[in-house]
Amino acid sequence: MPGLTHTSDEGRKQQILAELLSSYILKDVKSLVKEENIRAFNHLMYILAENQGSTISMHSLAGQIGMSTKAVDRYLDILEHTYVNFRVYSFSRNLGNELKKSCKSYLYDLGVRNAILKDFSDMDDRPDKGAILESFVFLRLQSGLAPNMELKFWRTKGGHEVDFVLLKDRKPIPIEVKSSMPGPKVPGGLQRFLARYPKTSKAYVVNESINDQIHHDNCSISFVTFERFDRQEL
């Protein structure tokens, strides 16, 4: 939005983002959602913002906003088709204890997310710093998807998780996001993934301070900083 790039006034930027959000709700969405359901739609957007990068359940969302799962799914479709929110679905090769038919949710614009939450505080002062860093990696991956690529995540019923699985020519590239790390140590969730999928040849751990490369069994694991990952060719 031009106003955001043409001003250095943080207060003005916040006001522009709030106006953008209001304009979207009042104009674009109003034509797609029944008037009496606008409040539920607003509530849904707040829940999605608050749970950025978390696994979401249609049944749970429906209960929280007081709508049917069919209606929630339609609202999520609207958000996706208007490039406001995107769903990432789980990766599974039909192993019994992996989650299936679940998804994570990401708002495309972190400024809009801040406007929804009414929180523009500095990164290091925020309890959701991890979600913001993960969102940065999501946006980088999403913007670089080629026709032979697909973006997923991986999680078992026992809670072992890899933040993203980039499928390139149907071959998985697991990508884990960490803020601070004491050294190039393979995260537990990534170890579990590599044990399940031993033919995986490449993986990434995106973090704040380490650039290094190690081998774990047959897999080459690159530890890259967020700055470097932004320029990384996958």
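A short reminder: the numbers here are calculations on the coordinates, not readings from a lab. Here the structure is a predicted model, which is why all the values come from computation and not from measurement. Neighbour counts run over all protein chains shown; Cβ positions are idealised from the backbone, glycine included.
For the chain, what is the charge dipole size about the Cα centre, in debye to the nearest 20, if Lys and Arg each add +1 at the Cβ and Asp and Glu each add -1 at the Cβ?
Details: 32 positive and 29 negative charges, 206 e Å.
Value, rounded to 20: 1000 debye.
At 222 nm, what helix-only mean residue ellipticity would the chain give, in deg cm²/dmol to the nearest 500, using -39500 (n - 2.57) for each DSSP H run of four or more?
Here the helix-only value at 222 nm equals -11000 deg cm²/dmol.
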Margin query: Which of the three applies to the chain, rounded, prolate or oblate, going by the alpha-carbon gyration tensor with a ≥ b ≥ c and a/c under 1.5 meaning rounded?
Written below: oblate
Note to self: With angles folded into 0 to 90 degrees, how steeply does helix 38-50 sit against the dominant principal axis of the chain? Use alpha carbons for both and round to 10.
What the structure shows: 30 degrees
Notebook entry, point to check: Rg (Å, one decimal) plus Dmax (Å, integer) for the alpha carbons of the stretch 129-229?
Noted result: 12.7, 37
Notebook entry, point to check: Using modelled amide H (1.01 Å from N, peptide plane; none on Pro or chain starts), what sits under 5 Å from the amide H of Ser90, excluding residues fewer than 5 places away?
Noted result: Lys101, Ser102, Phe153
